[in-house]
Amino acid sequence: MVQFEANFDGLVGPTHNYAGLSYGNVASQSNAQDASNPKEAAKQGLKKMKALSELGLVQGVLAPQERPDIDTLKRLGFTGTDAQILDKAFREDPVLLAACCSASSMWTANAATVSPSADTQDGRIHFTPANLTNKFHRSIEHEVTGRILSQVFADERHFKHHAALPTNEYFGDEGAANHTRLCGDYSQAGVELFVYGRSAFDLKAPAPKRYPARQTLEASRAIARLHGLGDNTAIFIQQNPEVIDQGVFHNDVIAVGNQNVLFYHQQAFLHTEQALAEIRAKLPGTELHFIEVPTTEVPLQDAVKSYLFNTQIVTLKPGHMAIIAPTECRDTPSVNAYLNKLTGLNSPIREVHFMDVKQSMRNGGGPACLRLRVAMTELEHAATNQACLMNDALFARLNQWVDQHYRDRLTLSDLRDPALLQESRTALDELTRILQLGSVYPFQR
Ligand SMILES: NCCC[C@H](NC(=O)CCC(=O)O)C(=O)O
């Protein structure tokens with residue numbers, strides 16, 4: 001049966017802002033306090049989705065979270081009307097209020113880990129929402145994420161949904177940002193690479209010293225068990241702790257794979273040769289392309305700044321791939337030079353397309369952070385919620401919806417504005433009708 005890979009991008013929510021919440025994520029920290037433009041951010045995201053669907057790829061949309069998150073503020077002891085809760089939180093703990101207003105669910109690479117049916121024991125697509133325990137503002141996403149995914153992929157004959165892992169740092173899980181699938185044809189069983197930053201139970205194992213390792217080996221192993229991946233399907237690879245300490249907070253900041261291509265920086269992994277040997281052994285008969293970018297050509301800091309590896313590598317026709325890169329790659333001389341060379345190498349990557357996703361980049365999210373990949377068959381595609389799939393009509397409808405409900409400037413002190421809460425709920429209520437999601441948000445239940 002024909003299989004292909006669909007991308008589900010996160011729609012940027014109406015409260016998109018720069019709060020500097022992600023210690024270890026250089027862009028988030030360096031742009032903290034800047035004014036944001038939620039309208040522009042949402043439109044940049046929609047344009048990227050449209051561009052990918054125009055390349056002939058199946059493109060989906062995932063709805064954002066309800067923010068400000070009044071329920072969480074209540075759990076943390078704030079009382080009164082919604083307006084009073086926002087005001088008290090702003091005066092007592094503005095960072096907490098910002099965390100409860102973050103639009104961070106736009107980065108759907110962190111929404112969940114997905115294993116396609118070709119790899120799983122029961123022949124269904126498995127989804128586990130990421131608990132995102134390392135950052136408070138992200139740890140409050142997984143419940144609603146799970147509900148949204150269950151509405152988009154509802155048919156139990158094809159889709160299996162798991163609960164997020166226990167929410168503590170031993171099982172810190174950041175989803176597909178630390179997960180890559182390699183395969184021959186999408187329909188063939190592949191290998192799933194789980195890249196982790198540290199081992200929670202083995203304190204002697206190498207770990208970063210400065211910045212947190214957000215994904216643990218124990219979490220990765222649990223996901224592989226839940227998804228029913230056999231020993232020949234899952235590979236666990238330790239990320240180089242030194243690069244985490246230099247701002248590589250997820251593996252997708254330093255490596256990206258698609259089908260038989262693994263594109264990675266020389267410093268990405270702790271034991272590169274061992275990892276590559278295991279991939280070769282577990283994918284016999286597949287012609288693999290390991291494209292290693294040397295530090296002498298692209299210094300690590302340029303890779304982090306430009307997000308060369310937070311690109312999407314997509315298959316346009318058999319053996320012919322394109323790389324979808326943020327414009328920051330074009331604007332970084334070493335990276336631009338490398339990309340010019342890349343398409344001439346003897347690999348399936350033949351085209352480079354640049355996208356402007358600057359509003360997201362300023363919080364450390366590139367094209368790959370904005371999408372969750374779901375490799376699927378035509379039957380699974382037909383069983384997916386069709387209202388969430390991008391086409392001309394949905395693109396026009398969502399742009400109009402953004403124009404109607406989004407602001408073009410937001411600062412941290414605006415987050416206390418009760419009108420913003422109202423605007424956000426009105427927008428999300430309408431969105432659940434457009435995307436046919438039912439009542440997924442706390443304010444609707
Ligand atoms: N995969 C990309 C994730 C980027 C995300 N940034 C943020 O949450 C920044 C939010 C802020 O600082 O306002 C993160 O670090 O998890």
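What follows draws every value from the coordinates through simple rules; no lab data is involved. Quantities reported herein were computed from a predicted structural model and do not represent experimental measurements. Reconstructed Cβ throughout: ideal geometry from the backbone, glycine too, with neighbour counts over all protein chains shown.
Quick look at the values:
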| read-out | value |
| --- | --- |
| Fewest-first ranking of Ile291, Ile313, Ile244, using other Cβ atoms within 10 Å as the exposure measure | Ile291, Ile313, Ile244 |
| Per-residue Cβ neighbour rank within 10 angstrom, fewest leading, Thr432, Thr113 | Thr432, Thr113 |
| Computed E for Leu288/Lys317 - FRET, C-beta separation, R0 22 angstrom, nearest 0.05 | 0.70 |
| Calculated FRET value between Arg445 and Glu297, using beta carbons and R₀ = 56 Å, to 0.05 | 0.60 |
| Rounded D (µm²/s) - the chain, Kirkwood Rh over Cα pairs, Stokes-Einstein at 10 °C, 1.306 mPa s | 73 µm²/s |
| Contact order relative to length of the stretch 145-250, as percent, for alpha carbon pairs under 8 angstrom and 6 or more apart | 28 percent |
| For the chain: relative contact order, % (alpha-carbon pairs under 8 angstrom, 6 or more apart) | 24 percent |
| Once exposed loop GluC sites (Glu not before Pro) are cut out (DSSP; at most 14 other Cβ, 10 Å), longest piece of the chain | 1-155 |
| Computed FRET value (nearest 0.05) for Val2 with Ser413, which takes r as the C-beta separation and R₀ as 45 Å | 0.30 |
| Dipole moment magnitude, nearest 20 debye, the stretch 262-327 about Cα centre, only Lys, Arg, Asp, Glu C-beta charged | 220 debye |
| Loop trypsin sites (Lys or Arg not before Pro), the stretch 141-241 (other Cβ atoms within 10 Å of the site Cβ: 11 or fewer; DSSP) | Arg157, Lys204, Lys209 |
| Charge dipole (the chain, unit charges on Cβ, about Cα centre) - positive-most of Val95, Val2, Thr113 | Val95 |
| Proximal aspartates and glutamates to Lys358, defined as alpha-carbon separation beneath 15 angstrom and excluding residues fewer than eight positions away on the same chain | Asp34, Glu40, Glu328, Asp331, Asp408 |
| Cβ-based charge dipole, the stretch 32-178, positive-most Cα from Leu46, Asn134, His158 | Leu46 |
| Among Ala189, Gln267, Gln238 the positive-end extreme of the charge dipole of the stretch 188-300 (Cβ point charges) | Gln238 |
| Entries of Lys39/Lys74; Lys39/Lys209; Lys43/Lys160; Lys50/Lys305; Lys43/Lys317 with Cα pairs more than 30 Å apart | Lys39/Lys209; Lys43/Lys160 |
| Dipole magnitude of the stretch 208-358, debye to nearest 20 (Cβ charges: Lys/Arg +1, Asp/Glu -1, about Cα centre) | 240 debye |
| Antiparallel bridges, percent of DSSP beta bridges restricted to the chain (to nearest 5) | 55 percent |
| The stretch 179-252 - Kirkwood radius from inverse mean 1/r over Cα pairs (Å) | 13.1 Å |
| Rounded to the nearest 20 debye, dipole of the chain from Cβ charges on Lys, Arg, Asp, Glu | 280 debye |
| Cα pair distances exceeding 23 angstrom across the stretch 300-389, given as percent | 33 percent |
| Estimated vicinal HN-Hα couplings, Hz - the stretch 276-288 in sequence order (Karplus 6.51, -1.76, 1.60; Gly, Pro = x) | 5, 5, 5, 4, 4, 5, 8, 10, x, x, 9, 6, 9 |
| Helix axis angle, 392-405 relative to the chain longest principal axis, alpha carbon, degrees | 40 degrees |
| Fewest-first sequence of Cys369, Cys183 by Cβ atoms within 10 Å of each Cβ | Cys183, Cys369 |
| Linear extension gain, Ala281 paired with Arg330, 0.36 nm per residue minus alpha-carbon span | 14.0 nm |
